[in-house]
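Reading through the structure tokens given below for one structure.
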Amino acid sequence: MTNTELEQLVDTSDAWIRERTGIEERRIADPSQTTGDLAVEAGLAAIAAADVDPATVDMVIVGTSTPDAVFPSTACLIQRRLGVAPDAVAMDVAAACSGFIYALGVADRFIRTGSVKRALVIGAETFSRILNWQDRSTCVLFGDGAGAVLLEATTEHEGIINTHLHSDGANAELLHVPWGVSQGYDRLVDNAGTVSMRGNEVFKVAVRTLGRLIDETLEKNGLSRSDIDWVVPHQANIRIIAATAKKLDIPMERVVVTVQKHGNTSAASIPLALDAAIRDGRIQRGQLLLLEAFGAGFTWGSALVRY
Ligand code: ACO
């Protein structure tokens, strides 16, 4: 869906959306497709890229805030379609836009403790289903998508060096879908099931928090900014990405940006950006990557990865 198509739905313009967000287009799932359908596509692509027997994958973890059902988890619902081990650990992780980093952190810990050998970590969302398509301040920002990585226990490569996960629920109402199952579907009032955001305030907290997060990650690993080959940020808004990079004095040439094409796909945005930069040859084996995200909760997290 292009910005021009959005001009038909709400009082907005291609120029406003580009200037304020960097977004040029976003993908919208077909009405017949669910988050699980997108997750299956991404999961199968990751299994193919890793060239492993899916039956040896003993964990599936899906970062999502738009699951197919209240239960079973999306991970359980797609387990069989992925062909992974029938007794694998399968679960969803809900941390909004930090969902992929949270899922990666959980899977990494399962691998380090020896509980699992191969973990499929997927970020997948159909945010188009939780948008108020009459609210121009939110509906232009988000898109649907899924991305995945396959992790494997090994002593031969550094892989995920460490992850840093945080949350603070004090300002939950700045960015939320204020309704959920336990409040009762029968009492659902207009638009309570859609994204509501105080964009300006979220913007400021995001830039401040991401700056701190990157400093924390570098400090804990005894690294300086110049050691990082690529920053792969959550793709919310080009201005958040650029402001964070500027604050940290990291040149934009070393930051992967896909927001122009995907919009904000929440938990899917980092694996989608990773996929784009690996497939087009920007990210090379052996390089040091810093993945970072900020999302509703607020939640935030980073992963330092030797690819
Ligand atoms: N088209 C045209 N005008 C618009 C639109 C639109 N789509 N949306 C808002 N406006 C108007 C507003 O009504 C306002 O008009 P006014 O001055 O007459 O009142 C004007 O544009 C400016 O609005 P602001 O909200 O101040 O615009 P801002 O520069 O802050 O940009 C934006 C808004 C893009 C939402 C920005 O605040 C932002 O990116 N915030 C971070 C949001 C985000 O990325 N959240 C996700 C991160 S966490 C996660 O991914 C879940």
* Structure fact -> Listed by chain and number, the residues whose amide H is under 5 Å from that of I161, excluding neighbours fewer than 5 places away on the same chain and using placed H, are L304, V305, R306
* Karplus-derived HN-Hα couplings along the range 100-107 (A = 6.51, B = -1.76, C = 1.60, θ = phi - 60°), whole Hz, x at Gly and Pro -> 5, 5, 4, 4, 5, x, 5, 4
* Value of D in µm² per second that Stokes-Einstein yields for the range 134-232, Kirkwood Rh from Cα pairs, at 10 °C (1.306 mPa s) -> 90
* Asked: What residues have an amide H closer than 5 Å to that of N264, excluding those fewer than 5 places away on the same chain, when H is modeled at 1.01 Å from N in the peptide plane?
  -> F142, G143
* Asked: Is the range 1-94 best put as rounded, prolate or oblate by its Cα gyration tensor, with a ≥ b ≥ c the root eigenvalues, rounded for a/c under 1.5, and otherwise prolate when a/b is larger than b/c, oblate when not?
  -> prolate
* Of A146, Q134, P178, which is farthest along the charge dipole of the range 124-212 in the positive direction, counting Lys and Arg as +1 and Asp and Glu as -1 at C-beta? -> Q134
* Work from the charge dipole of the range 1-123 (Cβ charges, +1 for Lys and Arg, -1 for Asp and Glu, about the Cα centre) and give the residue of V106, T21, C76 farthest towards its positive end. => V106
* What's the tally of Lys pairs in the chain whose alpha-carbon atoms lie under 25 angstrom apart, where the two lysines are 8 or more places apart or on different chains? -> 8
* Asked: In square angstrom, rounded to the nearest 10, how much accessible surface does W230 have for a 1.4 Å probe?
  -> 30
* Amide H neighbours of A90 under 5 Å, counting only residues 5+ apart in sequence or on other chains, H built in-plane at 1.01 Å? -> V60
* Structure fact -> CD proxy, 222 nm, the chain: helix-only mean residue ellipticity via -39,500 (n - 2.57) per DSSP H run with n ≥ 4, per residue, nearest 500, stands at -10000 deg cm²/dmol
* To do: Using 0.36 nm per residue of separation minus the Cα-Cα distance, give me the extension gain between E19 and E216 in nm, one decimal.
  => 67.9 nm
* To do: Read phi for every residue in the range 42-48 and hand back ³J(HN,Hα) as whole Hz from Karplus 6.51 cos²θ - 1.76 cosθ + 1.60, θ = phi - 60°, with x for Gly and Pro.
  => 5, x, 5, 5, 5, 4, 5
* When the convex hull of its Cα atoms is projected in every direction, mean area for the chain (nm²) -> 15.6
* Of the DSSP beta bridges with both residues in the chain, give the percent that are antiparallel, rounding to the nearest 5. => 65
* Of all accessible surface on the range 3-157 at a 1.4 Å probe, what whole percent is carbon and sulfur? -> 51
* For E158, E253, E24, E292, give the ranking by accessible area with the largest first, probe 1.4 Å. => E253, E158, E24, E292
* **Choice from P86, P178, P31 with maximal GNM fluctuation in the chain (Cα, 10 Å cutoff)** => P31
* **Kirkwood Rh and Cα Rg combined as Rg/Rh, the range 160-306** => 1.02
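The values are calculated or read from the model by the stated rules, or taken from the named source; none is laboratory data. Note that the coordinates shown come from a computational prediction; the quantities given were computed from them, not determined experimentally. Backbone-built Cβ (ideal geometry, glycine too); neighbour counts: all protein chains shown. Keep in mind that these areas ignore ligands, DNA and RNA; they rest on the heavy atoms of the full protein, side chains included. Shrake-Rupley method; radii C 1.70, N 1.55, O 1.52, S 1.80 Å.
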